[in-house]
1. Along the Cα→Cβ direction, 7 angstrom out, place labels at Glu83 and Ile408. What is the inter-label distance in nm?
2. Any idea what angle helix 257-280 forms with the longest principal axis of the chain, computed on alpha-carbon atoms, 0 to 90 degrees, nearest 10?
3. Grab the other residues whose beta carbon is less than 15 angstrom from that of Ile294, score K and R as +1, D and E as -1, and report the net.
4. At 0.36 nm per residue, and after removing the present C-alpha to C-alpha distance, how many nm does the segment from Gln430 to Thr188 gain when stretched out fully?
5. Can you give the FRET efficiency for Asn257 and Ile5, using 1/(1 + (r/R0)^6), R0 = 45 Å, r = Cβ-Cβ distance, to the nearest 0.05?
6. May I ask you to derive the FRET efficiency for Leu374 and Asp139 from their Cβ-Cβ distance with R0 = 41 Å, giving the value to the nearest 0.05?
7. Based on the alpha-carbon set only, what is the convex hull volume of the chain divided per residue, in Å³?
8. Helix 356-370 versus the longest principal axis of the chain: what angle, 0 to 90°, nearest 10, using Cα atoms?
Amino acid sequence: MGAIITLSLLGILILYLGLFKAKNALLPVSILGLLGALAFELYYWNIEAVTLYKGMVLFDHFALSFSIVCISLTILILFLSKEYFNSFSDNIAEYYTLIIFSLTGALLVSSYHNFAMLFIGLEIMSVALYILVGIRRKDKASNEASLKYFLMGAFSTGFLLFGITLMYGATGTFDLTALKEYIVANPTGISPLFYGGILLMLVGLCFKVGVAPFHFWTPDVYDGAPILITSFMSTVVKIASFAGFLRLFSTVLVPLNEFWTPILLTIVIITLFVGNISALMQTSFKRMMAYSSISHAGYMLFAILSIGATSASGILTYAVAYGLSSIIAFGALILVKRHIGSDQFESFNGLGKKNPGLAFAITIAMLSLAGIPLTAGFIGKFMMFSNVMNDYHTVLLILAAINAAIGIFYYFRIIVHMYFMKSEEESQVQLPVNFQFVFGLAVILTIVIGIYPDLIIRLI
């Protein structure tokens with residue numbers, strides 16, 4: 001709880017710094033505050049986990065692991081934000097505050113033990129993002145993305161709340177342990193209301209993680225939002241949403257897997273094909289990343305579809321690999337777009353010759369996203385595939401392999417553009433020190449996890 005309180009106070013402090021025009025202090029104070037929150041999470045690691053505040057939250061290794069990942073990725077994203085928000089407005093304290101408040105919601109979603117906290121966490125996380133997506137007030141695409149995200153977010157919240165209501169109507173509780181006891185005590189007498197609640201919650205959560213056929217908001221919102229906000233949404237927000245998704249199904253709904261497995265299996269197959277085929281058709285790097293994020297959400301659903309002892313560690317590994325690679329990719333896009341003025345694939349032409357260091361970082365990110373061995377992405381994908389293999393989902397495994405091959409094709413297009421196509425622009429892309437630090441750290445972690453996966457697999 002120390003991390004959540006720290007982040008809440010930090011957000012208010014940043015607002016006051018903005019009020020007193022301490023513009024240069026915003027980024028250092030934000031990062032110091034996040035490091036303080038990270039220290040709290042590490043401190044609680046060796047303390048026995050018990051539910052707190054009448055069962056509202058549970059800070060077990062599962063919650064702490066996902067919270068640490070979310071905070072760490074946010075620190076990397078904030079490092080990239082130096083001078084980024086200045087182009088939008090002179091008053092930038094609100095941007096840092098909203099990111100920190102959204103992260104606070106993400107930590108609540110990772111550690112909830114009661115549906116009330118799940119709802120509060122999701123709303124804190126989402127409301128801040130509705131504003132962040134539309135921070136370019138004079139940009140029609142940004143405004144459209146914000147409105148679309150708000151409407152679809154409100155729509156999904158309605159489904160989620162209705163599902164929670166039906167489950168409460170059947171059991172009389174919001175507590176996860178009590179919900180599980182209800183299922184165990186009534187193996188053949190589960191109320192139809194409860195099944196209806198599962199379906200509606202599944203719809204609401206699928207909206208939040210952006211899987212097909214509930215994905216329609218994702219490409220336009222990711223495309224319309226500022227690149228840095230897109231990187232935050234596609235990493236921290238998605239990871240926290242999957243943590244909440246997995247906690248509900250692994251803690252409560254495992255005994256009813258015969259009911260929801262066919263539905264989730266259908267969603268996974270649709271998601272893989274929609275995400276990958278759509279990404280294959282793109283010529284914009286940003287939209288390609290948006291559609292590929294849908295396909296990655298499909299792979300992450302494997303851990304929920306085949307819930308077992310390795311599901312949590314598998315989804316954590318996949319999330320870390322995907323988060324690191326996405327930050328490199330979106331960070332590189334910021335630099336390339338700033339230099340060339342376009343986010344089309346052609347903007348990356350000749351980068352291998354002009355900026356070998358930047359091209360190497362992008363290459364590692366693309367290889368990891370494609371799931372190539374010796375990268376963290378390969379370990380994540382291997383664990384997801386192992387999960388479904390253990391449950392004998394052979395057809396899904398074959399379809400996933402086909403989709404993985406499609407993914408390799410469109411990620412390698414970027415590498416081909418960088419190393420085998422000539423650019424009309426001969427000048428180098430400027431690579432600031434903060435970007436060098438983030439790219440270097442992310443590349444090292446991607447390779448280290450790819451070679452020594454036990455570093456992260458054994459955390460949970």
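The values are calculated or read from the model by the stated rules, or taken from the named source; none is laboratory data. None of the values given here were measured: they were computed from a predicted structure. Neighbour counts are summed over all protein chains in view; Cβ atoms, including those assigned to glycine, are modelled from backbone coordinates with ideal geometry. All accessible areas refer to the heavy atoms of the entire protein, side chains included, with ligands and DNA or RNA removed. Shrake-Rupley method; radii C 1.70, N 1.55, O 1.52, S 1.80 Å.
1. A separation of 4.1 nm, rounded to one decimal place.
2. Once rounded, one gets 10 degrees.
3. Working: positive: Lys208, Lys238, Lys286, Arg287; negative: Asp220, Asp223.
My count for the surroundings of Ile294 gives +2.
4. Numbers: separation 242, 0.36 × 242 = 87.12 nm, distance 6.46 nm.
Here the segment from Gln430 to Thr188 would lengthen by 80.7 nm.
5. Approximately 0.75, to the nearest 0.05.
6. Working from the Cβ atoms, E equals 0.55.
7. It is 129 Å³ per residue.
8. Long axis of 356-370 versus the principal axis of the chain: about 20 degrees.
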